[in-house]
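Peer 1: Input: one structure, supplied below.
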Amino acid sequence: MQIETEAGEDGPSPRFSTFNEWKEFRSAGRGFWTQVPDSDWNSWHWQLKNRITTLHQLTRLMPTLTPEEYAGTQLANTKLSLAITPYFFNLIDPADEDCPIRRQVIPRLAETYTAPWEMSDPCGEDSHSSVPGLVHRYPDRVLFLVTDRCASYCRYCTRSRLVSNATGYDFHPEFDKQIDYVARTPAIRDVLLSGGDPLLFSDEKLEYLLSRLRAIPHVEFLRIGTRIPVFLPQRITAELCEMLRQFHPLFVSIHSNHPRELTTEVRDALGRLADAGIPLGNQSVLLRHVNDDVAVMRAHVQKLLRCRVKPYYLYQCDLVAGSAHLRTSVRKGMEVMDGLRGHTSGYAVPTYVIDAPGGGGKVPVNPEYVLSRNTDRVVIRNFEGKIFEYPEASDGTPLFRAPHRMEEPELA
Ligand code: SF4
C-alpha cells in the first residue's frame, strides 16, 4: 500500500489528511448490491448466503483481478476456501492491487509456496489437544474450538489446516467430550470459544454451549474469539447481545487489522456488544503491506478505542504454510510498537507477541527500553529516546539516591 508521506521534523510522516481519512468512520456502502432490499442486506443469513465463493463470481465483480490473484483463486479450494461477505467485499478498492483489505481475503498464487520452516499447525495446537477440539496449552485455560467455518476466510489464517475444510482435515468437535474434560479439570478457570467463528452459530446453539460451560463451578471466565463483527456486523443483533449478557463475566476478542475495517456498521455492532456489558479486546496480526506501518497502526488503535475496544494483542504472523508474502519482520513489528508506546494513550497500545513456533505459547516482544543494568542503576530510555537512570543495587534493593537525567549518556 502506498502511504503518502511528507517530510517533518522527525522524518517522513503520513499526510495529516491520509491519517485522518483512516480514522473517519464510513459505511461500507452497497457497491454492486444497490438493488437488494434493506431487509436482505441487513440480514446476516442473506449476507452468508450471498458470499463470494467462486472464481466466476470474483472475476464478474472485480475485473481488475491480477494474474497472481486469478491463479491463486483457482487453487484456493485445495488450501483454504475463498469466501467474502458482500458487506466486506465493498471495502476492497478494485483499483488498488495492494489494497490492505484485498490482500487479506483474496487468494494469491504465493499461497501455494511453502518455505522449509513453515508448518500446517504452527502453534502446535494438535499436539496440545487433550480431546479433539480442545487445546490445553496453558495451565489454567483452554481453547475450545467449536466449528471450522468463518464468515470470510483470512489468507494468513493460523488454522487454515482446518478452517473451511479445503485440505480435508474433517474437523468434528465433540462438545460432550470437550465439556466433560473442562468439568473434570478443576485447574481450568478460563474457556475461550473459538474456531472457525463461534458467532456463526445460531443464538440457541451458542446459548446451549455457554450455559453448559457456565454451569461448571470452576469456570470463572468465558471468552469468545470472533471476526464476525468485522466481516458480518449484521450478525450482532439486539437478540444476540441480550442472550450473551446472561453469561458474564464474558469477554469478546475481535480481530481487526486495518482502520478501514472499522466502518460505521462495525462501530455500531461493537457498541451493541459493549452496551450489553461485554468487555471488548482486539487481536491484530502484523501483515506486510496491510498494517506494518506506524501511522496505519496508530490510526487503527486510536479508532478501536473510539469503538470501545481495547487493542489487546498484536501478533507476529505465524509460520503458517503459504503465508510468506504476508509476513513482515520482527524488527518491523518492534518499530511499529516503538511508534505507539508513549506516542498515544497507553490503553491503545497492544502487547506484541510471537506465538513460539511449534507450540511454545505467546512470547511478548518489546522494543528495548532497558539499555543496561549496572551494579547501582538501571539505564532506561523513554519514547523520545532520552536516557534516564533508576538507582538500584544489583540485588534489587533500593538505593538512597534520586533518579536524574544521565549526565553521561555515552554510558548507555
Ligand atoms: S476469521 Fe479467524 S479463524 Fe476464520 S479464517 Fe480468519 S483468522 Fe482464521
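The values are calculated or read from the model by the stated rules, or taken from the named source; none is laboratory data. These numbers were taken from a predicted model, which means no experiment stands behind them. Please note: Cβ atoms are built from the backbone with ideal geometry, for glycine as well, and neighbour counts cover all protein chains shown.
Peer 1: Arg331: part of a helix (DSSP H, G or I), surrounded by fewer than 17 Cβ atoms within 10 Å (Cβ to Cβ) and modelled with pLDDT of 95 or more, yes or no?
Peer 2: Considered against the rule, which asks whether it is part of a helix (DSSP H, G or I), surrounded by fewer than 17 Cβ atoms within 10 Å (Cβ to Cβ) and modelled with pLDDT of 95 or more, Arg331 comes out as yes.
This table checks each residue for (1) surrounded by 20 or more Cβ atoms within 10 Å (Cβ to Cβ); (2) more than 16 Å from the ligand (Cβ to nearest atom); (3) under 23 Å from the mean Cα position of the chain (by Cα).
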| residue | (1), (2), (3) |
| --- | --- |
| Asn165 | no, no, yes |
| Phe171 | no, no, yes |
| Tyr181 | no, yes, no |
| Pro186 | no, yes, no |
| Val191 | yes, yes, yes |
| Pro198 | yes, no, yes |
| Leu206 | yes, yes, yes |
| His218 | no, yes, no |
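Peer 1: Here's another thing I want to ask about it. For residues that are within 14 Å of the ligand (Cβ to nearest atom) and under 12 Å from Asp355 (Cβ atoms), tally how many sit in the stretch 116-134.
Peer 2: 4
Peer 1: For the stretch 220-238, give me the residue count where each residue is closer than 15 Å to Ile278 by Cβ, touching a His at 6+ places or on another chain (Cβ under 8 Å) and either more than 13 Å from the ligand (Cβ to nearest atom) or not hydroxyl-bearing (Ser, Thr, Tyr) (or both).
Peer 2: Final tally of qualifying residues: 1.
Peer 1: Oh, and also: Can you go through Val301, Val290, Val294 and tell me which one is within 15 Å of the ligand (Cβ to nearest atom) and either among the basic types (Lys, Arg) or within 21 Å of Cys99 (Cα to Cα) (or both)?
Peer 2: Answer to the check: Val290.
Peer 1: Out of all the residues in the stretch 167-190, which are in contact with a Phe, Trp or Tyr (Cβ under 9 Å, 6 or more places away or on another chain) and either part of a helix (DSSP H, G or I) or under 20 Å from Arg51 (Cβ atoms) (or both)?
Peer 2: Residues satisfying the conditions are Phe175, Gln178, Ile179, Val182.
Peer 1: Looking for something farther than 24 Å from Val163 by Cα, in a loop (DSSP other than H, G, I, E, B) and in contact (Cβ under 8 Å) with a residue 60 or more places away in the chain - is there at least one such residue anywhere in the stretch 231-244?
Peer 2: Yes, that holds for at least one residue.
Peer 1: Another question, if that's okay. Just to verify a result, which residue in the stretch 130-147, among those that are surrounded by fewer than 17 Cβ atoms within 10 Å (Cβ to Cβ) and of a type in the set (Ser, Thr, Tyr), is nearest to the chain's Cα centre (by Cα)?
Peer 2: Tyr138
Peer 1: Of all residues in the stretch 222-249, which are of a type outside the set (Gly, Ala, Ser) and loosely packed, with under 15 Cβ neighbours inside 10 Å?
Peer 2: If the condition is that a residue be of a type outside the set (Gly, Ala, Ser) and loosely packed, with under 15 Cβ neighbours inside 10 Å, then Glu239, Glu242, Arg245, Gln246, His248, Pro249 are the ones that fit.
Peer 1: Further, regarding this structure: How about the stretch 354-379: which of its residues are within 13 Å of Cys123 (Cα to Cα) and of a type in the set (A, V, I, L, M, F, W, C)?
Peer 2: Result: Ile354, Ala356, Val363.
Peer 1: If you don't mind, another one. Going by what's in this entry, would Thr114 be described as within 18 Å of Leu209 (Cα to Cα) and part of a loop (DSSP other than H, G, I, E, B)?
Peer 2: So Thr114 fails the test.
Peer 1: Cβ-Cβ distance below 6 Å, separation of 6 or more or different chains: which pairs start in the stretch 157-177 with a residue that is under 18 Å from Pro107 (Cβ atoms) and end on one that is of a type in the set (Ser, Thr, Tyr) and within 9 Å of the ligand (Cβ to nearest atom)?
Peer 2: What qualifies is Ser164/Tyr153.
Peer 1: Just to verify a result, which residue in the stretch 265-294, among those that are small (Gly, Ala, Ser) and farther than 16 Å from Pro350 by Cβ, is surrounded by the most Cβ atoms within 10 Å (Cβ to Cβ)?
Peer 2: Here the answer is Ala269.
Peer 1: Does any residue in the stretch 263-278 that is modelled with pLDDT of 95 or more come within less than 8 Å, Cβ to Cβ, of a residue that is among the acidic types (Asp, Glu) six or more places away or on a different chain, and which pairs are these?
Peer 2: Ala276/Glu242
Peer 1: Being surrounded by fewer than 16 Cβ atoms within 10 Å (Cβ to Cβ) and under 20 Å from the mean Cα position of the chain (by Cα) narrows it down to one of Thr375, Thr351, so name that one.
Peer 2: Thr351
Peer 1: Same structure, new question: Would you confirm whether or not the stretch 148-162 contains a residue that is assigned to a loop (DSSP other than H, G, I, E, B), within 20 Å of the chain's Cα centre (by Cα), over 18 Å from Leu75 (Cα atoms) and more than 9 Å from the ligand (Cβ to nearest atom)?
Peer 2: no
Peer 1: Can you tell me which residue among Ile236, Ile228 is under 15 Å from the mean Cα position of the chain (by Cα) and β-branched (Val, Ile, Thr)?
Peer 2: Answer to the check: Ile228.
Peer 1: Turning to a different aspect of this structure: Mind checking which residues of the stretch 98-111 are part of a helix (DSSP H, G or I) and within 20 Å of the chain's Cα centre (by Cα)?
Peer 2: If the condition is that a residue be part of a helix (DSSP H, G or I) and within 20 Å of the chain's Cα centre (by Cα), then Pro100, Ile101, Arg102, Arg103, Gln104, Val105, Glu111 are the ones that fit.
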